[in-house]
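First up is the structure itself, then whatever we jot down about it.
The values are calculated or read from the model by the stated rules, or taken from the named source; none is laboratory data. This structure is a prediction, so every number in the text was calculated from the model and none was measured. Using ideal geometry, Cβ is built from the backbone for each residue, glycine included, and neighbour counts are taken over all protein chains shown. To get the accessible areas, we keep the full protein, side chains included, count just its heavy atoms, and leave off ligands, DNA and RNA. Shrake-Rupley method; radii C 1.70, N 1.55, O 1.52, S 1.80 Å.
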Amino acid sequence: MKYKAPRGTRDILPGDAQRWQLLEERFRRYCRLYGFSEIRTPIFEHTELFQRSVGEETDIVSKEMYTFTDRSARQLTLRPEATAATVRAYLEHNLKEGPQPVKLYYQGPMFRYDRPQAGRYRQFHQFGLELFGAGAPAADAEIIALSYEFLQSLSIKDLKLEINSVGCPLCRPAYRENLLFYLQPLEKEVCPDCLHRFAKNPLRVLDCKNEKCRSLAAAAPIIEHSLCPPCGDHFSQLLRALERLTIPFAVNPRLVRGLDYYTRTAFEFLCDGQGSVAGGGRYDFLVEHCGGPPTPGVGVAFGVERLLLAAEAEFLKFNAAPPVFIATAGEGLEEEALILAAELRAGGVAAETELMGRNLKGQLKYAGRKGCRHLVILGERELSQNMVILRDMVSGVQIEIERGQLTGRLKTS
Ligand code: AMP
């Protein structure tokens with residue numbers, strides 16, 4: 001029987017893994033610059049956590065969760081996103097008692113039973129930021145600024161930031177009514193999903209991907225006119241902060257995002273080809289909803305696979321140099337090669353030795369195929385004189401060099 005990775009999952013092979021590492025390092029660098037610390041939560045959580053926080057009516061909870069019962073009859077779910085888990089950890093470990101705000105970042109796999117296609121997987125990866133305890137627009141601005149700088153650093157072409165306010169539990173119900181008043185006569189024209197949304201969450205009709213629904217949504221009333229004064233002020237202060245930070249944005253009154261917990265700010269970074277590469281927003285009632293004290297929060301999640309596709313050009317430049325290859329010219333020199341490799345590694349030079357028992361020609365071929373820049377050749381004669389041969393694989397030039405000078409020489413070349 002031939003096994004294949006399950007549909008919607010991917011292996012990250014060694015060549016690719018290097019690009020993942022570079023991207024992860026880049027993200028960490030920006031997190032450090034802004035004072036965010038890493039949190040690692042489990043891959044699975046109690047199903048109820050997601051039902052309660054993400055929302056029963058969202059696509060994620062109603063259609064896309066990988067849920068299972070364990071051997072003790074617990075209902076568990078592979079995390080479809082990490083905000084809920086971060087809130088759970090924030091409460092469980094009393095991070096709310098420490099200095100506020102609490103600024104966290106995470107990275108790791110998420111699981112959604114979505115229809116796989118380019119840039120959409122069932123196991124995908126996210127980087128994310130969560131900021132708890134600060135309700136001011138400056139906190140939203142900080143999350144967006146970090147995201148923007150990180151994305152800018154990846155030289156993503158045609159990066160766009162779209163932003164909206166989805167109001168709060170005070171002003172949203174009136175807008176919801178307005179929207180329903182507009183939508184109800186269109187009952188027969190919207191897609192079945194949207195018809196279902198009429199009753200549960202009509203705002204989601206605004207970001208339905210169906211062409212017909214999109215054209216109907218284009219003429220729908222917009223939320224901006226229904227925002228209560230505090231939500232309106234929050235939004236305008238945030239937009240002003242973004243202008244002062246010279247972060248370009250476009251207000252998209254139809255941006256609502258697929259998770260129920262958003263209040264006030266919702267935003268998305270998009271680019272040509274990949275669509276949405278990151279999305280986030282404010283969730284001022286989520287902590288309370290999960291059993292904690294009233295605690296405002298704001299966050300963002302980046303889709304790592306999409307970032308890598310969008311930033312392809314950026315990481316092509318970085319190809320980590322392969323190790324120096326230590327070849328042996330003659331029988332029984334394998335141990336000597338191991339010792340020399342240990343000397344080089346102790347000096348911080350990456351080194352590999354022959355493990356396949358090939359002759360010198362075969363070893364040279366291997367080093368060439370691996371793209372090794374330098375080759376060290378160990379022969380009987382050189383060994384007895386405490387020398388080695390160092391060959392530059394690009395120019396083909398080779399020199400004899402004292403063994404004790406080899407590490408220093410390789411470090412500077
Ligand atoms: P969300 O958690 O739905 O707000 O999504 C945040 C980001 O994660 C999106 O902008 C995408 O880049 C990425 N993303 C969401 N779902 C998937 C998926 N199924 N496959 C790959 N990336 C995804």
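Of the residues that sit in the stretch 118-152 and are among the hydroxyl-bearing types (Ser, Thr, Tyr) and surrounded by fewer than 24 Cβ atoms within 10 Å (Cβ to Cβ), which one is farthest from Arg306 (Cα to Cα)? I'd like the intermediate steps shown before the answer.
To start, the set of residues in the stretch 118-152 that are among the hydroxyl-bearing types (Ser, Thr, Tyr) comprises 121, 147-148.
This time we only want the ones that are surrounded by fewer than 24 Cβ atoms within 10 Å (Cβ to Cβ), so: 121, 148.
Numbers: Tyr121: 10, Tyr148: 15 Å.
Looking at residues that are among the hydroxyl-bearing types (Ser, Thr, Tyr) and surrounded by fewer than 24 Cβ atoms within 10 Å (Cβ to Cβ), I get Tyr148.
Name the residues in the stretch 5-27 that are touching a residue at least 40 places away in the same chain (Cβ under 8 Å) and more than 23 Å from Lys370 (Cβ to Cβ), would you?
Within the stretch 5-27, Pro6, Arg7, Gly8, Thr9, Arg10, Leu23, Glu24, Arg26, Phe27 qualify.
Output the number of residues of the stretch 202-235 satisfying the condition of being within 28 Å of the chain's Cα centre (by Cα) and not assigned by TED's automatic domain parsing to the domain that holds Val166.
8
When both residues are 6+ apart or on different chains and their Cβ atoms are under 8 Å apart, which pairs have a first residue that lies in the stretch 110-128 and is at negative phi and in contact (Cβ under 8 Å) with a residue 40 or more places away in the chain, and a second that is of a type in the set (Ser, Thr, Tyr) and within 6 Å of the ligand (Cβ to nearest atom)?
Here the result reads Asp114/Tyr121, each pair linking the stretch 110-128 to a residue that is of a type in the set (Ser, Thr, Tyr) and within 6 Å of the ligand (Cβ to nearest atom).
Taking Arg282, is it in the same structural domain as Phe235 (by TED's automatic domain parsing), basic (Lys, Arg) and closer than 30 Å to Asn94 by Cβ?
Numbers: in the same structural domain as Phe235 (by TED's automatic domain parsing): yes; basic (Lys, Arg): yes; closer than 30 Å to Asn94 by Cβ: yes.
Here the answer is yes, as Arg282 does meet what is asked.
I want to confirm something. Restricting to the stretch 284-338 and keeping residues that are within 16 Å of the ligand (Cβ to nearest atom) and surrounded by fewer than 18 Cβ atoms within 10 Å (Cβ to Cβ), which single residue is farthest from Lys361 (Cα to Cα)?
Leu309
On the given criteria, is Leu159 closer than 17 Å to Gly297 by Cβ and open to solvent by 10 Å² or more (accessible area, probe 1.4 Å)?
Numbers: closer than 17 Å to Gly297 by Cβ: no; open to solvent by 10 Å² or more (accessible area, probe 1.4 Å): yes.
In short, no.
Can you name the residue in the stretch 97-117 that is surrounded by fewer than 16 Cβ atoms within 10 Å (Cβ to Cβ) and charged (D, E, K, R) and, of all such residues, is nearest to the ligand (Cβ to nearest atom)?
If we take residues in the stretch 97-117 being surrounded by fewer than 16 Cβ atoms within 10 Å (Cβ to Cβ) and charged (D, E, K, R), then Arg115 is nearest to the ligand (Cβ to nearest atom).
Given (1) near the ligand (Cβ under 9 Å from one of its atoms); (2) in a helix (DSSP H, G or I), identify the lone condition not met by His125.
For His125, the failing item is (2).
With (1) more than 25 Å from Arg244 (Cβ to Cβ); (2) within 16 Å of the ligand (Cβ to nearest atom) as the list, and Phe150 as the residue in question, which single condition is left unmet?
Answer for Phe150: the failing condition is (1).
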